[in-house]
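Since the structure comes first, as structure tokens, the remarks are kept for the end.
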Amino acid sequence: MSDSLNHVAIIMDGNGRWAKLHGKDRSYGHRQGATTMKNLAVKASELNIKTLSLYAFSTENWKRSEKEVNYLMKLPGLFFDQYLKEIMEANIRVRFIGFISDLPKATQKVVANAISATKNNTGMELVLAVNYGSQQEIVHAVKSYANDVALGYRENDLEVNEFENYLMTKEYSQVDLLIRTSGEYRLSNFLLWQISYAELYFTPTLFPDFDGDQFESAINDYQSRHRRFGGAE
Ligand code: IPE
Ligand code: IPE
Ligand code: MG
């Protein structure tokens, strides 16, 4: 594993289509997707990836039916009930990005419990993006910065590196590899700032079917790329 692969982010897409293909309702696809999430987290930690960020629920996903939204809000609870033991065994530290305080109280409790149960783990950071939207994150950061300037806490002299301290991802490095499943070629408001120089990998595989071997294929593809960051040979 190359040292340069610190942060992998995944837009986990295609659960609904996967369910339809199997003649089941959308929640069945999300349930299967949760198992895939756990498998990928364990795999990524075995591969010594430092940070794995998974897009679980966007600020735009509230547009879905009440039934689906309710299920997606219950899913973190089901996920940790079933998989916390394996997450602990893999020494994974669970973190969240997104507007967590706007989630239902029960979901917030699950989030807080997952953070506290895993806070002393020293292995991979698993960052779950729940009620996350990148444009909203950036606007929130701009407001916090403007507020700090207005209160005289800091000068009006913002630099790129300092701006990152206002983002929800301030503790994590820039994304090295961004993967999107399900054959869609878009970012859907995920980590727009943080992927400035990420390598992009798109696969037609629907998320529930994206297994450890396919994850390794994506990483091998990444390893064959030549990142220049604007420089020249
Ligand atoms: C991704 O799968 C999971 C979430 C966005 C919560 P989708 O639910 O978007 O599945 P498709 O895209 O409809 O197949
Ligand atoms: C992106 O998937 C959001 C998550 C994976 C949580 P969507 O299915 O919501 O994206 P669009 O609507 O196809 O762009
Ligand atoms: Mg989708």
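The values are calculated or read from the model by the stated rules, or taken from the named source; none is laboratory data. These numbers come from a predicted model, not from an experiment. Every residue, glycine among them, receives a Cβ derived from its backbone with ideal geometry; neighbour counts consider all protein chains shown. Accessible surface is based on the protein model in full, side chains and every heavy atom, while ligands, DNA and RNA are left aside. Shrake-Rupley method; radii C 1.70, N 1.55, O 1.52, S 1.80 Å.
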Leaving out same-chain residues fewer than 8 places away, which lysines sit with a Cα under 24 Å from that of residue 119?
38, 43, 50, 74, 85, 105, 109, 170
Evaluated at q = 0.08, 0.09, 0.17 Å⁻¹: base-10 log I(q)/I(0), Debye formula over Cα of the chain
-0.30, -0.38, -1.36
Which trypsin sites (Lys or Arg not before Pro) from the stretch 76-184 combine a DSSP loop assignment with at most 15 other Cβ atoms within 10 Å?
119, 154, 170
The alpha-carbon center of the stretch 44-96 and that of the stretch 131-161 are separated, in whole Å, by 27
4 °C / 1.567 mPa s Stokes-Einstein diffusion coefficient of the stretch 79-172, Kirkwood radius on C-alpha pairs, µm²/s
86
The chain, relative contact order in percent, only Cα pairs under 8 angstrom and at least six apart counted:
28
At 1.4 Å probe radius, can you tell me the per residue accessible area of the chain in Å²?
51
Candidate lysines - alpha carbon under 16 Å from residue 24, same-chain residues fewer than 8 apart omitted
67
